[in-house]
Amino acid sequence: MNYLRTAILLAGLTALFMGVGFLIGGTTGALIALVVAAVMNLLSYWNADTLVLSMHGAQEVDARTAPDLVHLVGELAGRAGLPMPRVYLMDNPQPNAFATGRNPEHAAVAVTTGLLNVLNREEVAGVLSHELAHIRNRDTLTMTITATVAGAISMLAQFGLFFGGGNRNNNGLGLVGTLAMVILAPLAAMLVQMAISRTREYAADNMGARIAGHTDGLASALVKISDAAHHIENDTAERNPATAHLFIINPLSGHRMDNLFSTHPSTENRIAALNELAREFDSRARYAPQPAGGPSGGVSGSRGPWG
């Protein structure tokens with residue numbers, strides 16, 4: 001369902017782009033705007049991991065400098081069928097994490113020192129599984145496409161302001177119509193972009209729980225991280241707010257609502273979705289064939305199979 005919703009939102013964003021291009025009337029201008037936006041985002045996409053990691057002062061660690069963390073990432077990456085990503089540590093008291101990289105072969109997972117200090121091993125595993133799910137789902141690519149189209153829409157709207165927003169075929173938009181397009185088109189594109197970001201978070205929660213094999217670690221981690229975001233400031237994120245959508249929980253504020261202007265779903269809604277997944281795991285476990293000698297042990301209420 002999350003994948004269908006993402007596809008619908010991307011289609012809507014593309015339709016908005018085409019509509020703005022039609023209103024301006026310049027197919028050549030629309031093509032130029034799309035190409036420029038695509039080049040800008042492609043450069044950002046290709047170097048995103050280096051740039052973002054540098055912005056947050058992330059230092060790469062290995063099996064010698066952070067053996068427990070690196071071993072856990074490797075174990076979870078194996079479960080997810082992913083190559084081993086690079087592992088980074090950020091010296092930041094706020095518990096949080098993000099994944100970056102243009103594809104699974106060039107991926108990186110970064111966690112804060114606060115995350116390792118506040119969360120237990122099962123909760124850290126839940127967070128890492130969520131980030132690996134982003135890598136497996138190629139969400140960096142999805143968000144790059146989204147940013148490309150949204151950027152093109154904003155550029156087109158600016159072209160409409162400078163060129164009067166009209167052409168000979170549609171008799172022009174007029175001053176009021178042009179101003180409305182300049183304001184509303186980029187706003188609509190931003191709202192769709194944020195909606196796609198929230199959808200990808202739900203999908204990563206779902207797959208992350210499947211990678212970990214249970215929902216309770218991730219659910220507990222989300223509560224702790226969300227609570228910490230209220231009173232532990234992330235100075236680095238405040239200086240680079242454009243990277244906030246990468247984190248598992250918005251590092252800039254403790255939003256309590258799934259509002260249109262949020263890049264992340266509310267923690268309550270994410271927990272509710274994980275609880276629903278836990279019931280699915282329970283149902284599978286209850287009706288799964290048992291060994292000849294009967295069940296060998298109990299199954300936790302929120303544990304389930306990967307896949």
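Here the calculated FRET efficiency for Ala63 and Glu276, from their Cβ-Cβ distance with R0 = 45 Å, stands at 0.75, rounded to the nearest 0.05.
Exposure proxy for Arg86, Arg284: other Cβ atoms within 10 Å of each Cβ, ordered fewest to most, give Arg284, Arg86.
Computed from the coordinates by the stated procedures, all read-outs in this text should not be read as laboratory data. The structure presented is a predicted model; accordingly, all values stated were derived computationally and were not measured. Neighbour counts run over all protein chains shown; Cβ positions are idealised from the backbone, glycine included.
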